[in-house]
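Note sheet for the following structure.
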Amino acid sequence: MNERIKIVRKHLHLTLDSFSSRIGITSSGLSKIERGLSGASEQTILSICREFNVNETWLRTGDGDMFDQDQSSILSRLADEYKLTAREQSALAAFLELSESDRAAIMRYVDNLVEKFSPASVSDTAAEAVAAARDYMDMVADEKNNMDESSTSAG
């Protein structure tokens, strides 16, 4: 298990200090655990699993995936790995909760922005932003109309 603790820390790109402070032990204590000079307490094991969404079975035995695979665990790991702010985490979570068609509409909008703001095509940034916003509003209105028509024809 000591080696798996080190694997988790390295995978998360954390120093002994940062990892140990998040689980409530000293960096020298963590170093001793990783080197096999002392064992991890039950509290340390549970803290690692809770703080870093590590699969407890994997940590204890090596069986299964290193990390829990539920949505909140995955989002939490992404937030840690990419240093996402609370606002960015909320935006990502909200995006993932959207329907497939709503996510597709947003991605089309993003594609339009990328195309309009590529270095070769940027001339008047404000005008381009207004045009992109209008395109997006038109696209959403079209999709809403299509959904309204399909629900009326189905009923």
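The values are calculated or read from the model by the stated rules, or taken from the named source; none is laboratory data. Computed from a prediction, not measured in an experiment: that's the story for all the values here. Counting neighbours? That spans all protein chains shown, and the Cβs are built from the backbone with ideal geometry, glycine included. Areas reflect the complete protein model, heavy atoms only, side chains present, ligands, DNA and RNA absent. Shrake-Rupley method; radii C 1.70, N 1.55, O 1.52, S 1.80 Å.
Note the angle between two axes, namely the Cα long axis of helix 125-154 and the longest principal axis of the Cα atoms of the chain, as a number of degrees from 0 to 90, rounded to the nearest 10.
That helix lies at roughly 80 degrees to the long axis.
Can you send over the solvent-accessible area of VAL130, 1.4 Å probe, protein chains only, in Å² to the nearest 10?
Estimated to the nearest 10 Å², VAL130 gives 70 Å².
Per residue, how much accessible surface does the chain expose to a 1.4 Å probe? Answer in Å², no decimals.
Accessible area per residue, the chain: 64 Å².
Once you keep just the Cα pairs under 8 angstrom separated by 6 or more residues, what percentage relative contact order results for the chain?
With pairs under 8 Å counted, the relative contact order is 13 percent.
For region 46-120, run through the trypsin sites (Lys or Arg not before Pro) and keep only the ones in DSSP coil with at most 10 other Cβ atoms within 10 Å of their Cβ.
LYS83
Of SER90, GLN69, SER31, which is farthest towards the positive pole of the chain's charge dipole, taken about the Cα centre with +1 and -1 on the beta-carbons of Lys, Arg and Asp, Glu respectively?
Of the candidates, SER31 comes out farthest on the positive side.
From the P(r) of the chain, could you give the percentage of C-alpha pairs in the tail past 19 Å?
Here the tail beyond 19 Å accounts for 67 percent of pairs.
Tally up the carbon and sulfur contribution to the accessible surface of region 10-63 as a whole percent, 1.4 Å probe, everything protein left in place. Don't skip to the end; give the middle numbers.
On the way: 1470 of 2910 Å².
The value for region 10-63 is 50 percent carbon and sulfur by accessible area.
Rounded to the nearest 0.05, what FRET efficiency do SER101 and THR57 give with R0 = 41 Å and r taken as the Cβ-Cβ distance? Could you check?
The formula returns an efficiency of 0.60 here.
With Cβ to Cβ distances under 14 Å as the rule, what net charge do the other residues near ASP65 carry (K, R +1; D, E -1)?
Details: positive: ARG4, ARG60, ARG77; negative: GLU56, ASP63, ASP68, ASP70.
In short, -1.
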